[in-house]
Amino acid sequence: MQRTGHSFPASVLKSIRDRKKPKAKAAPSEGTRPAGTLVASYNVHKCVGVDRKFDPERIGRVIREIAPDVIALQEADNRFGDRAGLLDLLRLELETGLVPVPVSGNGKGHGWHGNVLLFKRGIVRNVHQIKLPGLEPRGALVAEIDLDEKRTLRIIAAHLGLLRRSRSEQARVVLEIMNRPDEKPTLLLGDLNEWRLGNRSALNTLHTTFGPAPPAVPTFPSRLPLLSLDRIMANRHGMISTVEAHDTPLSRVASDHLPLTGFVRL
């Protein structure tokens with residue numbers, strides 16, 4: 001990591017400088033956005049914004065801004081108890097066309113260990129709910145979606161732990177899901193809670209299947225993003241393009257994470 005004379009990482013200084021530039025994004029029209037399937041990952045922080053207000057409707061508005069074809073949400077359910085879901089999924093479907101990948105035994109929850117995978121079109125098959133090891137209750141949701149008659153995409157939606165050792169163990173479980181690197185187009189979407197690089201990083205473990213990670217995009221904290229905790233990774237080179245944070249006035253306050261978006265071409 002390159003450092004300036006002030007001992008700050010160059011990426012941190014760039015993020016601070018870019019933060020001063022005015023930003024306002026609208027959902028791209030079909031004629032102007034890049035070709036491909038728009039995917040996103042978003043830790044919604046249990047619908048509690050940086051202003052400490054619980055506001056699920058505000059999260060829905062951010063998702064409408066993004067207008068994704070597929071989106072993985074983290075912390076969309078209560079963490080303890082009956083893990084009740086926090087979003088109005090029926091309203092979200094009416095407004096965006098997004099429907100959740102079905103999971104079994106979720107009670108009042110939307111997803112699995114807070115992970116919810118929503119998609120706009122296609123047929124879902126082979127859904128698996130994976131409990132990840134570690135001291136915290138963490139999980140991964142794996143689904144294969146037939147986008148059309150010719151294209152199938154496997155998605156692993158995951159939320160890794162806060163402890164380094166847990167993240168390394170969880171990354172190895174994610175790799176076990178993959179039978180071989182070129183088996184089928186696969187995306188890993190989620191809050192990996194990993195900003196470190198090197199041999200002790202969970203990202204290094206994932207490189208064996210997903211290859212070098214795309215350029216890091218800071219997403220946390222949302223008001224002044226410095227850490228690249230959220231990731232979109234693929235098992236095929238060149239499959240992902242235009243990875244960026246969805247940085248708008250609304251997304252800066254709705255959660256402590258910014259959404260991360262990217263375009264997938266199969």
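Of all residues in region 134-149, those that are on the phi > 0 side of the Ramachandran plot have Cβ atoms under 9 Å from Cβ atoms of residues that are open to solvent by 30 Å² or more (accessible area, probe 1.4 Å) and among the acidic types (Asp, Glu), 6 or more apart or on another chain, in Gly134/Glu169. Of all residues in region 250-266, those that are open to solvent by 10 Å² or more (accessible area, probe 1.4 Å), in a helix (DSSP H, G or I) and not charged (D, E, K, R) total 2. Inclusion of Arg196 among residues that are part of a loop (DSSP other than H, G, I, E, B), over 23 Å from Leu118 (Cα atoms) and more than 15 Å from the chain's Cα centre (by Cα) is warranted. When the residues of region 224-240 are filtered to those that are part of a strand (DSSP E or B) and either open to solvent by less than 40 Å² (accessible area, probe 1.4 Å) or among the acidic types (Asp, Glu) (or both), which remaining residue is nearest to Gly60 (Cα to Cα)? In this case the residue turns out to be Asp230.
Condition (residue is hydroxyl-bearing (Ser, Thr, Tyr), surrounded by 14 or more Cβ atoms within 10 Å (Cβ to Cβ) and over 24 Å from Thr219 (Cβ atoms)) applied to region 101-114: is it met by at least one residue?
No, there is no match, as no residue in region 101-114 is hydroxyl-bearing (Ser, Thr, Tyr), surrounded by 14 or more Cβ atoms within 10 Å (Cβ to Cβ) and over 24 Å from Thr219 (Cβ atoms).
The condition of being in contact with a strand residue (DSSP E or B) (Cβ under 7 Å, 6 or more places away or on another chain), part of a helix (DSSP H, G or I) and free of Cβ contacts under 8 Å to residues at least 60 places away in the same chain holds for only one of Val173, Val217, Val243, that being Val173. Which one is least open to solvent (accessible area, probe 1.4 Å) among residues in region 115-133 that are in a loop (DSSP other than H, G, I, E, B) and touching a residue at least 40 places away in the same chain (Cβ under 8 Å)? Of everything passing the filter in region 115-133, Pro133 is least open to solvent (accessible area, probe 1.4 Å).
The values are calculated or read from the model by the stated rules, or taken from the named source; none is laboratory data. None of these values were measured; they are calculated from a predicted model. For neighbour counting, all protein chains shown are included, and Cβ atoms are generated from backbone atoms with ideal geometry for every residue, glycine included. All accessible areas refer to the heavy atoms of the entire protein, side chains included, with ligands and DNA or RNA removed. Shrake-Rupley method; radii C 1.70, N 1.55, O 1.52, S 1.80 Å.
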